[in-house]
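Below: one structure, written as structure tokens.
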2 protein chains.
Amino acid sequence: MTGSDERNGTVAPAPGRKARRVKIADIASAAGVHPSTVSRVLRADPRGRISESVAERVREMAKTLGYRPDAVAASLRTGSTQTIGVIVHDIEDPVYPPILRGIEQRLLERGFMTVVGNTGYDPHAEAEMFEQMANRMVDGVILGTTRLQDPVVQRAQELGVPLVSVLRSTEHLECSAVVNDCASGMRELVDAVVAHGHRDIAVIAAPQDLSTARDRLSGLRAGLAAHGLEVPEERLFTVERMDVEAGRRAASTLLERRPDPPQVIMAVNDLVAIGAIQACRARGLRVPDDISITGYNDIPLVDMIDPPLTTVAMNLSEIGMRSADCLLDRLSAPEAEPQLTRVRPELRLRESLATIGR
Amino acid sequence: MTGSDERNGTVAPAPGRKARRVKIADIASAAGVHPSTVSRVLRADPRGRISESVAERVREMAKTLGYRPDAVAASLRTGSTQTIGVIVHDIEDPVYPPILRGIEQRLLERGFMTVVGNTGYDPHAEAEMFEQMANRMVDGVILGTTRLQDPVVQRAQELGVPLVSVLRSTEHLECSAVVNDCASGMRELVDAVVAHGHRDIAVIAAPQDLSTARDRLSGLRAGLAAHGLEVPEERLFTVERMDVEAGRRAASTLLERRPDPPQVIMAVNDLVAIGAIQACRARGLRVPDDISITGYNDIPLVDMIDPPLTTVAMNLSEIGMRSADCLLDRLSAPEAEPQLTRVRPELRLRESLATIGR
DNA sequence: TTGTAAGCGTTATCAC
DNA sequence: GTGATAACGCTTACAA
């Protein structure tokens, strides 16, 4: 029974299906006014002032007839769909859901809907998806798959499609971006690692064509440099994809290569860190007694794994909301200069990082 | 450079912005044919057969001018947006991303886009969201928030909007649904619990207005009955929301109520189970030495927590794909009878379930 | 095989 | 204040 009273007055469509949809013209003739008047009333158009009596009658009629505006027709006329597109690599990657939630929440407040597309890490799919969305279905795009040089960003400029990059940015900030402040997060993490007595540090990084991966590595190096340390060549490894399996393989390689394991493995993200933990265990190392591991992201449940993972928590839903704000700004001011917004993350110290007696 | 050759022939819009968008009429006059001919060529309309020479010329022109079809205009004309809506409670709930991925993947293959909406567990938001989507923006809806009696399902019928329920179903199958086979999953789990020697079993269930919650509880009872067991009133608890916090509170209450803890707590899902683990620990109980815990869902990382959680893995992406298939079927055959599809889950035995010596 | 013309439902811009 | 009218860009009978 909840909410059913909201539909009071709605004429149930005759059981003989497919009741023709009520349109503005129907309301107009029922209320004895012109369609344009109805339109003005329903959109509360501030220009054409309508007498309250007519407005009342029209609203009444609209409700009685069960009028539902046709968003497609309105879009064709106005050139705006009140919809924005979000492109992500893989919605199962735990960084995306909180971002999407932030985006969606903010957009909904402003009357926008959100269409989502997965690329499955395929640049071709990404381009294709963008084209589809750009074909007038969306008013703008939030790109969560941005590479340092990204053809999609360029294409968006060609087409004049408002675009904001989220989570990553392009090399020369060709478009506005809202990112995590990876460098500062990494520095805090490095400070903690060093403060725990670690000196022999191995790193599992990711391909440097992603700004996140690059910022994390450079932040890490900067942090170490501040302590007079560095990452020797043979302690630096790279994964192609940032998942558990890749982390496991990289850590295995890492542990094979030298007889003595490092004191700590700093992974480019939590999934890779988890893979590293598994690889260490597989070789009989205890974590964190024999070797410490750090991640990045603080994805759900990493505080519950064994051992709880030391990591850096991005403020993902905030990043999402900011990117939505940013896109909405661009819709109203398309010519504005691209802006880079950095959202600060927070260090999460947990048991996977042990203190080393010196 | 990848893929840029695909845009060969595209005339870069003059730097003097806002190049008017190329439309079918432009191609028509450029190619010296009628717009309708262009339309037929571009949609590869099988009826109006076009001479290959004209077709060739038109395609050529379209490419040269950088034509991009206007999806909105086409939708207004055809009445189809090639878009479907998915409504979920909270995209951060880990059950949804794999489902969305399955849905999106399948729909994309068939040329559909996916718009997603979060309700935040608010029935009013759910109804609102459905109305928005139904206002001609989508060809159909996949509902992931279905309650046993769901006004949205009824509303979809009124409006003639094709709708498929995913993950849950309505009481009397008013619409097609693709669900996990909760009952059979629970039975398998109960068999395992009993086989491990447990007899004193506490249950944290969820409100029975969700079909999943109901099916799990009835499956659990049926499973126990098969072993001549039951859940006494004082061992049955209910959480309002299925998250960690609620699980923690329920388990605390449970442990307070009787001096002796049960041998095992079977939680309605993994998050609740994790809350239960935390509550047990907070009261000084070791898991699984002093008390066993089981979950349901096998969300990411529950195999990595301490202790690894015994649970049941739904086949979520398959559920997603099937629901997409089901919706597409309904688009072509709207009058078909509602179908219930059950997808079988798999038991995941892990350390959180200990063997009890008898 | 191709052209003609009539919309799809809405809103913007005029007039009155 | 309200009405008339013309698009928005595309598709599709129907004609030729």
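The values are calculated or read from the model by the stated rules, or taken from the named source; none is laboratory data. Because the structure is a prediction, the values reported are computed rather than measured. Glycine also receives a Cβ, built like all others from the backbone with ideal geometry; neighbour counts cover every protein chain displayed.
Has the stretch A:47-54 got any residue that is of a type in the set (A, V, I, L, M) and either away from DNA strand C (no atom under 16 Å from the Cβ) or modelled with pLDDT of 95 or more (or both)? The answer is no; no qualifying residue exists. Being within 14 Å of chain B (Cβ to nearest Cβ), buried (at least 21 other Cβ atoms within 10 Å of the Cβ), touching a residue at least 12 places away in the same chain (Cβ under 8 Å) and in a loop (DSSP other than H, G, I, E, B), is that true of even one residue in the stretch A:204-220? Within the stretch A:204-220, none of the residues are within 14 Å of chain B (Cβ to nearest Cβ), buried (at least 21 other Cβ atoms within 10 Å of the Cβ), touching a residue at least 12 places away in the same chain (Cβ under 8 Å) and in a loop (DSSP other than H, G, I, E, B). List pairs: first residue in the stretch B:70-84 and more than 9 Å from every other protein chain (Cβ to nearest Cβ), second residue assigned to a helix (DSSP H, G or I) and surrounded by 18 or more Cβ atoms within 10 Å (Cβ to Cβ) anywhere in the structure, Cβ distance under 7 angstrom, at least six positions apart or on different chains. Correct list of pairs: B:I84/B:L107; B:I84/B:L327.
Scanning the stretch B:98-111 for residues that are without any contact (Cβ under 8 Å) to a residue 60 or more places away in the chain and either over 19 Å from B:S323 (Cα atoms) or of a type in the set (A, V, I, L, M, F, W, C) (or both) yields a total of 1. If only residues of the stretch A:238-286 that are within 15 Å of A:P94 (Cβ to Cβ) and acidic (D, E) are counted, the one that is modelled with the lowest pLDDT is A:D243.
For the stretch A:116-129, the count of residues that are surrounded by fewer than 22 Cβ atoms within 10 Å (Cβ to Cβ) and either under 23 Å from A:T341 (Cα atoms) or of a type in the set (A, V, I, L, M) (or both) is nonzero.
Considering the stretch A:236-312, the qualifying strands (runs of 3 or more DSSP E), each wholly inside and each with 3 or more residues that are crowded, with 18+ Cβ neighbours inside 10 Å, run over A:264-267, A:292-294.
Among the residues making up the stretch B:90-127, a single one is within 10 Å of the chain's Cα centre (by Cα), modelled with pLDDT of 95 or more and within 15 Å of B:L210 (Cβ to Cβ): B:Y96. In the stretch A:98-116, the residue that is nearest to B:V115 (Cα to Cα) out of those that are at the interface with chain B (Cβ under 7 Å from one of its Cβ atoms) and in contact with a helix residue (DSSP H, G or I) (Cβ under 6 Å, 6 or more places away or on another chain) is A:T114. When A:T78 is tested against the conditions (1) more than 8 Å from DNA strand C (Cβ to nearest atom); (2) surrounded by fewer than 16 Cβ atoms within 10 Å (Cβ to Cβ); (3) closer than 21 Å to A:L107 by Cα, the lone failure is (1). Look at the stretch B:150-170 and say how many of its residues are among the hydroxyl-bearing types (S, T, Y) and touching a helix residue (DSSP H, G or I) at 6+ places or on another chain (Cβ under 6 Å). Going through the stretch B:150-170 one residue at a time, the tally reaches 2. Once the stretch A:143-152 is narrowed to residues that are more than 13 Å from chain B (Cβ to nearest Cβ) and of a type in the set (A, V, I, L, M), the residue that is farthest from the chain's Cα centre (by Cα) is A:L148. Of all residues assigned to the stretch B:145-154, none qualifies as being under 30 Å from A:R20 (Cβ atoms) and in a strand (DSSP E or B). Here A:V138 fulfils each of the conditions (1) closer than 23 Å to B:V115 by Cβ; (2) touching a Leu at 6+ places or on another chain (Cβ under 9 Å) apart from (2). A single member of A:L173, A:L189 is farther than 30 Å from B:Y67 by Cβ, out of contact with any helix residue (DSSP H, G or I) (no Cβ under 6 Å at 6 or more places or on another chain) and either of a type in the set (S, T, Y) or assigned to a helix (DSSP H, G or I) (or both), and it is A:L189. Only one of the listed residues (A:V178, A:V166, A:V190) is of a type in the set (A, V, I, L, M) and touching a His at 6+ places or on another chain (Cβ under 8 Å). That residue is A:V190.
Yes or no, residue by residue, for (1) surrounded by fewer than 16 Cβ atoms within 10 Å (Cβ to Cβ); (2) away from DNA strand D (no atom under 11 Å from the Cβ); (3) closer than 23 Å to B:V72 by Cα:
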| position | (1), (2), (3) |
| --- | --- |
| A:I24 | no, no, yes |
| A:A28 | no, no, no |
| A:S36 | yes, no, yes |
| A:V41 | no, no, no |
| A:R47 | yes, no, no |
| A:R57 | no, no, no |
| A:K63 | yes, yes, no |
| A:A71 | no, yes, yes |
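Does the stretch B:120-131 include one or more residues that are away from chain A (no Cβ under 13 Å) and part of a loop (DSSP other than H, G, I, E, B)? No, the stretch B:120-131 contains no residue that is away from chain A (no Cβ under 13 Å) and part of a loop (DSSP other than H, G, I, E, B).
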